[in-house]
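Student: Sharing a structure here in structure tokens format.
The values are calculated or read from the model by the stated rules, or taken from the named source; none is laboratory data. On a predicted model such as this, the values are computed, not experimentally measured, just so you know. Glycine also receives a Cβ, built like all others from the backbone with ideal geometry; neighbour counts cover every protein chain displayed.
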Amino acid sequence: MPGGDILSTHIEPKGKLAIQVTAMPADTNANGDIFGGWVISHMDMGAGIEARRRSGCRAVTVAIDSVVFLKPVNVGDTVSCYAQLLKVGRTSMQFKMEVWTLSIHEQYPKKVAEGLFTFVAINEQGQPQLVDR
Ligand SMILES: CC(C)(COP(=O)(O)OP(=O)(O)OC[C@H]1O[C@@H](n2cnc3c(N)ncnc32)[C@H](O)[C@@H]1OP(=O)(O)O)[C@@H](O)C(=O)NCCC(=O)NCCS
């Protein structure tokens with residue numbers, strides 16, 4: 001059996017696929033690449049989906065830390081945001097978000113951005129609510 005798969009060095013995303021979308025021309029910056037704020041907003045949405053799933057209630061972003069853009073995102077790329085739960089506090093949840101893209105020309109996706117997103121579970125009054133640990 002050929003050893004290609006065994007020897008393959010491509011790395012995999014960490015976490016659960018939270019959101020997937022195609023990068024469109026309207027999302028570009030002046031260089032023609034995808035605008036960083038667009039990428040962050042999708043990381044935020046993906047983390048929010050996971051925060052609601054984990055807490056079972058509404059959740060809001062309280063902090064975004066250490067966002068790094070590693071490679072440009074191009075129009076037409078499939079953009080996938082993965083969420084990995086790092087920490088559950090009393091009312092907060094911290095997720096490491098990874099963004100991976102795949103273009104039509106590539107065989108494997110590549111990691112283009114990552115960052116830490118902290119959400120707080122809230123009640124109907126918008127006050128912090130305990131999260132089951
Ligand atoms: C999130 C919010 C409800 C928290 O209210 P608060 O009275 O500050 O609550 P607390 O001080 O009790 O903090 C709640 C939790 O957030 C955590 N937290 C607060 N500020 C933080 C920060 N800068 N970084 C990381 N965690 C933070 C606290 O450690 C605490 O976690 P724990 O309960 O797990 O120990 C309030 O700040 C808020 O409504 N912010 C606006 C949220 C929003 O609109 N987000 C969308 C983007 S505009």
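A quick yes/no check of all residues on (1) surrounded by 14 or more Cβ atoms within 10 Å (Cβ to Cβ); (2) outside any loop (DSSP other than H, G, I, E, B); (3) of a type outside the set (A, V, I, L, M):
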position: Leu86; (1), (2), (3): no, yes, no
position: Gln94; (1), (2), (3): yes, yes, yes
position: His105; (1), (2), (3): no, no, yes
position: Leu116; (1), (2), (3): yes, yes, no
position: Gly126; (1), (2), (3): no, no, yes
position: Arg133; (1), (2), (3): no, no, yes
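Student: Give the residue that is farthest from the ligand (Cβ to nearest atom), with candidates limited to residues of the stretch 50-97 that are among the basic types (Lys, Arg) and within 30 Å of Gly32 (Cβ to Cβ). Give the derivation first.
Tutor: The first filter runs over the stretch 50-97 and keeps only residues among the basic types (Lys, Arg), leaving 52-54, 58, 71, 87, 90, 96.
From what is left, the residues that are within 30 Å of Gly32 (Cβ to Cβ) are 71, 96.
On the way: Lys71: 26, Lys96: 14 Å.
It comes out as Lys71.
Student: Suppose the filter is polar (S, T, N, Q) and farther than 18 Å from Pro13 by Cβ; does Thr118 pass it?
Tutor: Numbers: polar (S, T, N, Q): yes; farther than 18 Å from Pro13 by Cβ: yes.
Answer is yes for this residue.
Student: Select from the stretch 1-38 the residues that are among the acidic types (Asp, Glu) and surrounded by fewer than 16 Cβ atoms within 10 Å (Cβ to Cβ) and write down the one among them that is modelled with the highest pLDDT. Walk me through it before giving the result.
Tutor: Let us first name the residues in the stretch 1-38 that are among the acidic types (Asp, Glu), namely 5, 12, 27, 33.
So of that shortlist, the ones also surrounded by fewer than 16 Cβ atoms within 10 Å (Cβ to Cβ) come out as 5, 12.
Working: Asp5: 51, Glu12: 93.
My answer is Glu12.
Student: If you go through the stretch 98-114 one residue at a time, do you hit one that is within 13 Å of the ligand (Cβ to nearest atom) and either within 16 Å of the chain's Cα centre (by Cα) or in contact (Cβ under 8 Å) with a residue 40 or more places away in the chain (or both)?
Tutor: Applying the first criterion (within 13 Å of the ligand (Cβ to nearest atom)) to the stretch 98-114 yields none.
Taking every residue of the stretch 98-114 in turn, none turns out to be within 13 Å of the ligand (Cβ to nearest atom) and either within 16 Å of the chain's Cα centre (by Cα) or in contact (Cβ under 8 Å) with a residue 40 or more places away in the chain (or both).
Student: Of Ser41, Ser66, which residue is exposed (fewer than 15 other Cβ atoms within 10 Å of the Cβ), under 12 Å from the mean Cα position of the chain (by Cα) and among the polar types (S, T, N, Q)? I'd like the intermediate steps shown before the answer.
Tutor: Working: Ser66 fails: under 12 Å from the mean Cα position of the chain (by Cα).
Residue meeting the stated conditions: Ser41.
Student: Then there is this: Condition check: out of contact with any Gly (no Cβ under 7 Å at 6 or more places or on another chain), within 16 Å of the ligand (Cβ to nearest atom) and not aliphatic (A, V, I, L, M). Does Glu124 satisfy that? Steps first, answer last, please.
Tutor: Working: out of contact with any Gly (no Cβ under 7 Å at 6 or more places or on another chain): yes; within 16 Å of the ligand (Cβ to nearest atom): yes; not aliphatic (A, V, I, L, M): yes.
Yes; evaluated as a whole, the condition is true for this residue.
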